[in-house]
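These notes concern the structure reproduced below.
What follows draws every value from the coordinates through simple rules; no lab data is involved. Quantities reported herein were computed from a predicted structural model and do not represent experimental measurements. When we count neighbours, we look across all protein chains shown, and the Cβ atoms used for this are built from the backbone with ideal geometry, even at glycine.
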Amino acid sequence: MKTYEWNGEYWYECTRSIPLRIRRWLVWLGGWENSLGKFKIEGDPTPIGLLGHRVEIQRWGITIRSHGGYYCLVWRGDGNSARRAYFSTNGSPSGATRWFLGTPRSVVEAAESRGRVRPVADRTAN
């Protein structure tokens, strides 16, 4: 089936088959698959997109797209922190609005200086 699609810069004619489009929406193996749907299995298969890229598996972690942002679980970091879990409006740690695991020291110190959190020793007293 032929359709015309906008890629953000220009219109183009897409001639991919309907079964290929459905399969790529369900599972897309970005590291092994070219734009025509042909596979070349060598090396790392990531990035892997699931359910229309709502879930993306990278070499470094998993990103789940949600209303208003992304839930990110990072198991391999850049040397600063290996494991992190956060919610971010743009998917990056700098855009994080909520931290679940691996909170940066600067965020903890800023919250404690404003009196927004109690130090760990005070939390065990209650």
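Numbers at a glance
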| item | result |
| --- | --- |
| Relative packing of 100-112, 2-14, which averages over residues the other C-beta atoms within 10 Å, highest first | 100-112, 2-14 |
| Taking the chain and dividing mean pair separation by its residue count, relative contact order in percent (alpha carbons under 8 Å, at least six apart) | 11 percent |
| Gained length - ALA82 relative to LEU29, 0.36 nm times residue gap less alpha-carbon distance | 16.6 nm |
| The chain: translational diffusion in µm²/s, Stokes-Einstein, Kirkwood Rh over Cα pairs, 20 °C, 1.002 mPa s | 121 µm²/s |
| Calculated [θ] (222 nm, deg cm²/dmol) that DSSP helices of n ≥ 4 give over the chain, each run adding -39,500 (n - 2.57) | -4500 deg cm²/dmol |
| Separation in nanometres of the label points that stand 7 Å from Cα toward Cβ, at ASP44 and TRP6 | 3.4 nm |
| Sorted by Cβ neighbour density within 10 Å, fewest at the top, the residues LEU73, LEU26 | LEU26, LEU73 |
| Placed amide H near THR46: partners under 5 Å, 5+ positions off or other chain | GLY31 |
| Derived scalar couplings ³J(HN,Hα) [region 83-90; Karplus, 6.51 cos²θ - 1.76 cosθ + 1.60; whole Hz; x for Gly, Pro] | 10, 9, 9, 7, 10, 9, 6, 10 |
| Calculated P(r) of region 1-52 - Cα pairs past 12 Å, % | 68 percent |
